[in-house]
1. Being of a type in the set (Lys, Arg) and modelled with pLDDT of 90 or more narrows it down to one of B:ARG165, B:ARG182, so name that one.
2. Given (1) within 15 Å of the chain's Cα centre (by Cα); (2) crowded, with 23+ Cβ neighbours inside 10 Å, identify the lone condition not met by A:GLY2.
3. Under 6 Å between Cβ atoms, at least 6 apart or on separate chains: pull out the pairs that start in segment A:148-163 with a residue that is at pLDDT 95 or above and surrounded by 22 or more Cβ atoms within 10 Å (Cβ to Cβ) and end on any residue that is among the basic types (Lys, Arg) and in a helix (DSSP H, G or I).
4. Where the second residue is in a helix (DSSP H, G or I) and at pLDDT 90 or above and the first is small (Gly, Ala, Ser) and lies in segment A:234-247, which pairs have Cβ atoms under 9 Å and are six or more apart or on separate chains?
5. Considering only residues that are within 9 Å of chain A (Cβ to nearest Cβ) and in contact (Cβ under 8 Å) with a residue 12 or more places away in the chain, which ones fall in segment B:167-179?
6. Being within 14 Å of chain B (Cβ to nearest Cβ) and touching an Asp or Glu at 6+ places or on another chain (Cβ under 6 Å) is the filter here; which residues of segment A:44-84 pass it?
7. Can you tell me how many residues in segment A:115-131 are buried (at least 20 other Cβ atoms within 10 Å of the Cβ) and either within 14 Å of chain B (Cβ to nearest Cβ) or aromatic (Phe, Trp, Tyr) (or both)?
8. Would you pick out the residues in segment A:94-114 that are in a loop (DSSP other than H, G, I, E, B) and more than 9 Å from every other protein chain (Cβ to nearest Cβ)?
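The values are calculated or read from the model by the stated rules, or taken from the named source; none is laboratory data. Here the structure is a predicted model, which is why all the values come from computation and not from measurement. Please note: Cβ atoms are built from the backbone with ideal geometry, for glycine as well, and neighbour counts cover all protein chains shown.
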Amino acid sequence: MGITLEGVNYTYQKGTPFEGKALFDIDLTIADGSYTAFIGHTGSGKSTIMQLLNGLNVPTQGTVYVDDMAITAGSKNKDIKLVRKKVGLVFQFPESQLFEETVLKDVAFGPQNFGVSKERAEELAREKLAMVGISEEFFDKNPFELSGGQMRRVAIAGILAMEPNILVLDEPTAGLDPKGRRELMTLFKELHQSGMTIVLVTHLMDDVADYADYVNVLETGKLILSGKPSDIFQNVDLLESKQLGVPKITKFAQNLRKRGFQLERLPITTEEFVEVLKHG
Amino acid sequence: MDKLILGRYIPGNSLIHRLDPRSKLLAMVLYIIIIFWANNLVTNLLMLAFTLVVILLSQVKLSFFINGVKPMIGIILFTTIFQMLFTQGGEIILQIWIIRITSFGLSQAALIFMRFLLIILFSTLLTLTTTPLSLADAVESLLKPFEVFKVPAHEIGLMLSLSLRFVPTLMDDTTRIMNAQRARGVDFGEGNLVQKVKSIIPILIPLFASSFKRADALAIAMEARGYQGGDGRTKYRRLKWTLKDNLALLSVIALGALLFFLKNP
């Protein structure tokens, strides 16, 4: 199950003078229960792929399979809506989607669009707000009165309340302070451990190394590398030539190797590096 | 949105493109005044001929103008038919039950139709051949003399160019917010009217919120760069009134004079 892209091409504004091709023959699989990361430069097609995963865009050519549902160029909106329930999409700066009078109502908005009763939706909202660390005293506040970090959490709770099986995150920690960042990344890790499939679009290589178990590298609309982070990050020079970089500790280890330190494989996390130093 | 040609600029280097935006704006105002003198066949043909000549001079393809009229055709026809049915007088041409079409009503309807058509053609010409920014400059410059009456000319010009500048940004914001809400299960443009109107709220409120935030940030950024109003401010793009601008205005005035003598009293 999970999500599979087969021969997917995407052209935006087709048939107008502004036509442009964003994705070329993408084949990839996001396994059920995996923590898959997408990395790539601006304009590499990351955002386009994200919107293909839950049917906001339909492929111009090829097929996107979400579980057993297929999305093609001719898919109807009604069928796609089922996909949107399964695949929760957290956009960059999701706080800009808040609009209700109270925090609780805003979080309960999503599930109600998928036919959940108002009572059940509020129950879900309370549960998910607690999960993202928003305490009860904020439930009846206007979301616009909250701080930026709190708004972000409320918006993420709004997606979680739809109870998706797959959570797609587009740079979810952009603009947050280090503490807020760590807390959110820990939340996503816990969600993953409880069985949710996580898709993370990021340009923070350390996050990829610390959390993801699979990574896809995109460049100008093409998939150029994919595999386990520990394998992908061995290609330090290639990734650096694509302006993507590698985790800090990997770069450090590579510098050590250049000066004659014996290292068979480059570690991608600090823990791994400590292990190597201890046991050789 | 792609269909709306009004307000879109087509780059070019024709005589019309090179006119000072002020003379074009003034010509537009004059044109709208004198069009009310076109109340018979000769005067209308004269107006049409003048408009077509100017369109030819602009070297912009005629299809752009047809596309400019298209989205308005509904309103034009509605008004025309209204005029035809509710203006009474002259001989009765057709009578069905209480609906009576008279010769006076018919000519009045034709007049209204021409008026709409000509004004849309001419204003489309203005926006197709003038960049929005130079139009804003023209407004500012034309309002300058009224500053003695406390008209804030510079501020009005600035407001115009700022709002024009932010049209594409707002469009991007709208697309982004719509996508975010669609991901939360909102169906736009589906269901009955009440549902359709309700689905607009989740776009409008975030859009307002982000616009206010943006306006605040812009104001601070402008002040940080030393902006303090129009006094003593120089311009990078300077407007230049030349002989051809005099000629352009004169031709519209001449047309007006001609119409004044040929119109029905």
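1. On the way: B:ARG165 fails: modelled with pLDDT of 90 or more.
Exactly one residue qualifies, and that residue is B:ARG182.
2. (2)
3. A:ALA157/A:LYS128; A:LEU160/A:LYS128; A:ALA161/A:LYS128
4. Every condition considered, the pairs that remain are A:GLY245/A:MET205; A:GLY245/A:VAL236; A:GLY245/A:LEU239; A:GLY245/A:LYS251.
5. Narrowing segment B:167-179 to residues within 9 Å of chain A (Cβ to nearest Cβ): B:173, B:176-177, B:179.
Scanning segment B:167-179 gives B:ASP173, B:ILE177.
6. Hit for segment A:44-84 is A:MET50, nothing else.
7. Looking only at segment A:115-131, we keep the residues that are buried (at least 20 other Cβ atoms within 10 Å of the Cβ), and these are A:116, A:121, A:124-125, A:128-129.
Right, trim to either within 14 Å of chain B (Cβ to nearest Cβ) or aromatic (Phe, Trp, Tyr) (or both) and you get A:116, A:121, A:124-125, A:128.
The qualifying residues number 5.
8. Step one: of segment A:94-114, the residues in a loop (DSSP other than H, G, I, E, B) are A:98-102, A:114.
A:GLU101, A:THR102, listed by residue number.
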